[in-house]
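Single-structure report; data block below.
The values are calculated or read from the model by the stated rules, or taken from the named source; none is laboratory data. Here the structure is a predicted model, which is why all the values come from computation and not from measurement. Counting neighbours? That spans all protein chains shown, and the Cβs are built from the backbone with ideal geometry, glycine included.
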Amino acid sequence: MKPPRKLHIKSYGCQMNVYDAQRMVDTLAPEGFVETASVDDADLVILNTCHIREKASEKVYSELGRLRVAKDEAARNGRHMSIAVAGCVAQAEIARKLGYKLVDHRLELYCVPLDDDKS
């Protein structure tokens, strides 16, 4: 039996992100992911973002810098760590910069909010 993959989600901004983070955990559980409190143990790190709070983008970029170090360390130890940015900071920054900064941090995935009226 395959060991579970570890998932770490860090939420920024609005209270709705706490709910969304739990939905992500529930959605990824059938794919073999279990939650971990430690970034260093995670196979997948999701930064769940909200643009409403002040300096949200700066906080995300700062965290991406720290995650880059953790990802490099994981690779040196023969482990792959994926990093994803979800939420409206990802949406705003990708629209603004065409993903340049996010790609620069070796981001493998980004998720943006869907307009509920159109889904």
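Looking only at the range 27-61, which residues are touching a residue at least 40 places away in the same chain (Cβ under 8 Å), in contact with a strand residue (DSSP E or B) (Cβ under 6 Å, 6 or more places away or on another chain) and not hydrophobic (A, V, I, L, M, F, W, C)? Correct list: T49 only. Within the range 20-63, how many residues are modelled with pLDDT under 85 and part of a helix (DSSP H, G or I)? Number of matching residues: 6. Listed conditions (1) at pLDDT 90 or above; (2) touching a Phe, Trp or Tyr at 6+ places or on another chain (Cβ under 7 Å) are all met by V69, apart from (2).
In this structure, does T36 turn out to be within 11 Å of H8 (Cα to Cα) and either buried (at least 18 other Cβ atoms within 10 Å of the Cβ) or more than 13 Å from the chain's Cα centre (by Cα) (or both)?
On the way: within 11 Å of H8 (Cα to Cα): yes; either buried (at least 18 other Cβ atoms within 10 Å of the Cβ) or more than 13 Å from the chain's Cα centre (by Cα) (or both): yes.
Yes; evaluated as a whole, the condition is true for this residue.
From the residues in the range 72-97 that are of a type outside the set (A, V, I, L, M) and modelled with pLDDT under 85, which one is nearest to the chain's Cα centre (by Cα)? Out of the qualifying residues, it is G87. The sole residue among A75, A90 that is closer than 19 Å to L28 by Cβ and in a helix (DSSP H, G or I) is A90.
Mind listing just one residue for me: the one in the range 46-67 that is among the charged types (D, E, K, R) and surrounded by 16 or more Cβ atoms within 10 Å (Cβ to Cβ) and, of those, nearest to K6 (Cα to Cα)? Selected residue: E63. Take A21 and tell me if it is out of contact with any Cys (no Cβ under 8 Å at 6 or more places or on another chain) and more than 14 Å from C88 (Cα to Cα). Here the answer is no, as A21 does not meet what is asked.
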